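J.: Quick one: the structure is below, questions incoming.
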Amino acid sequence: QVQLVESGGGLVRAGGSLRLSCTTSGRSFSSYLVAWFRQAPGNEREFVGGSRASGILYYGESVKDRFFIARNNHMNTLSLQMNSLKPEDTGVYYCAASRFAGLAYNPSEYDYWGPGTQVTVSL
């Protein structure tokens, strides 16, 4: 099985940047779809970005051209570089992985989840 943990969250001013990392302590996720989701209080869990095993990348509409995914299968890491941050980017960010997922945007497709890391963007 895959065990995921996130790191890199914190408090940042609007317009600033943060880089989140996801790493696994279990099985390699080289053949998995891996992704970042986020959830603000009272909101649905939202797809941020993900990477298929083929290397194809996907991004949510609200973060396109600001956030960037990088995957390292050898190190079992998935990073999320977040630039030009806005207050609406605030939330708990989760790393997720799926062995068989089809639709990357759907959180129900994912089998494994990390505990999350808080990102807060202030004005």
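J.: Note down all Cβ pairs under 9 Å where the first residue falls in region 103-123 and is under 16 Å from residue 87 (Cα atoms) and in contact (Cβ under 8 Å) with a residue 40 or more places away in the chain, the second is outside any strand (DSSP E or B) and open to solvent by 90 Å² or more (accessible area, probe 1.4 Å), and they're at least six residues apart or on different chains.
T.: 121/88
To keep it simple, each residue is scored yes or no on (1) open to solvent by less than 40 Å² (accessible area, probe 1.4 Å); (2) touching a strand residue (DSSP E or B) at 6+ places or on another chain (Cβ under 9 Å); (3) aliphatic (A, V, I, L, M).
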position: 49; (1), (2), (3): yes, yes, no
position: 67; (1), (2), (3): yes, yes, no
position: 72; (1), (2), (3): no, yes, no
position: 75; (1), (2), (3): no, yes, yes
position: 88; (1), (2), (3): no, yes, no
position: 91; (1), (2), (3): yes, yes, no
position: 113; (1), (2), (3): no, yes, no
position: 121; (1), (2), (3): yes, yes, yes
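J.: Would you check which residues across region 15-46 are open to solvent by 60 Å² or more (accessible area, probe 1.4 Å) and in contact with a helix residue (DSSP H, G or I) (Cβ under 8 Å, 6 or more places away or on another chain) and list them?
T.: 45
J.: Within region 100-123, which residues are among the aliphatic types (A, V, I, L, M) and under 15 Å from the mean Cα position of the chain (by Cα)?
T.: The answer is 104, 119.
J.: Checking residue 2 against (1) open to solvent by less than 50 Å² (accessible area, probe 1.4 Å); (2) over 15 Å from the mean Cα position of the chain (by Cα); (3) of a type outside the set (Asp, Glu); (4) over 15 Å from residue 94 (Cα atoms), which single condition isn't satisfied?
T.: With respect to (1) open to solvent by less than 50 Å² (accessible area, probe 1.4 Å); (2) over 15 Å from the mean Cα position of the chain (by Cα); (3) of a type outside the set (Asp, Glu); (4) over 15 Å from residue 94 (Cα atoms), residue 2 is out only on (4).
The values are calculated or read from the model by the stated rules, or taken from the named source; none is laboratory data. Given the structure is predicted, the values throughout are model-derived calculations rather than measurements. Counting neighbours? That spans all protein chains shown, and the Cβs are built from the backbone with ideal geometry, glycine included. The area values use the complete protein model at the heavy-atom level, side chains included, leaving out ligands, DNA and RNA. Shrake-Rupley method; radii C 1.70, N 1.55, O 1.52, S 1.80 Å.
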